[in-house]
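To start, the structure itself, in structure tokens.
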Amino acid sequence: MEILGIKHSEVQSEIKGVRHQLKQPVQYVIVYFDQGITKYYVGSIKKDYRFSASIPWGFYWVVGHPLDDEFRVPSLIHDDLCDKDVDGYLRDRAFRFLLRKEGLDKRIVRIMYKAVVQFRKAKTKVKGWF
């Protein structure tokens, strides 16, 4: 599976406690290539949706703060895909694509991508714990 592109409407949010909260709805389209076919996933996120990057505080000095602006769109779309139980490979690859699009350092992208993949794998092994 390869992500070909992701387009989204303007993301306006404000910080509420330890999360961002959407000020208006967001629509997005993920274009990807899977098994020889170009496919599309169309998503919609409602106003007031709350989200943030899940970065343990001990790693802030390496990766950054969860509320940093460069994590806003990737974590928004990834969290929405998780909530809608979209295929794990698609959502993780979309997350990586968006982190790259934000211009994050390759090492940070690799760390963040590996973290979501490992969490997904752990979650499937111990269903009911998360």
| Residue match in the range 50-61 (condition: in contact with a Gly (Cβ under 8 Å, 6 or more places away or on another chain), over 17 Å from Gly103 (Cβ atoms) and not charged (D, E, K, R)) | yes
| task | Filter the range 55-90 for residues that are part of a helix (DSSP H, G or I) and among the hydroxyl-bearing types (Ser, Thr, Tyr) and give the result. | result | Ser75, Tyr89
| query | What are the residue pairs meeting all of these: first residue in the range 85-107, first residue on the phi < 0 side of the Ramachandran plot, second residue basic (Lys, Arg), Cβ atoms under 8 Å, and 6 or more apart or on different chains? | reply | Gly88/Arg120; Asp92/Arg120
| field | Residue list for the range 47-84, restricted to those being of a type outside the set (A, V, I, L, M), over 17 Å from Gln12 (Cβ atoms) and crowded, with 17+ Cβ neighbours inside 10 Å | value | Gly64, Pro66, His78, Cys82
| said: Need a quick list: strands (runs of 3 or more DSSP E) entirely within the range 1-46 having at least 2 residues that are at pLDDT below 95 and surrounded by 14 or more Cβ atoms within 10 Å (Cβ to Cβ). | reply: 19-22
| said: Tell me the residue from Leu76, Leu90 that is closer than 24 Å to Lys16 by Cβ, within 12 Å of the chain's Cα centre (by Cα), modelled with pLDDT of 95 or more and not basic (Lys, Arg), please. | reply: Leu76
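Among the residues of the range 99-130, write down those that are among the hydrophobic types (A, V, I, L, M, F, W, C), assigned to a loop (DSSP other than H, G, I, E, B) and modelled with pLDDT of 90 or more. It would help to see each step written out before you state the result.
As a first pass, look at the range 99-130 and keep what is among the hydrophobic types (A, V, I, L, M, F, W, C): 99, 104, 108-109, 111-112, 115-117, 119, 122, 126, 129-130.
After this cut, where a residue has to be assigned to a loop (DSSP other than H, G, I, E, B) as well, the list is 104, 126, 129-130.
Correct list: Leu104 only.
The values are calculated or read from the model by the stated rules, or taken from the named source; none is laboratory data. Remember, it's a predicted structure, so these values are computed and weren't measured experimentally. As a convention, Cβ positions derive from the backbone with ideal geometry for all residues, glycine included, and neighbour counts pool all protein chains shown.
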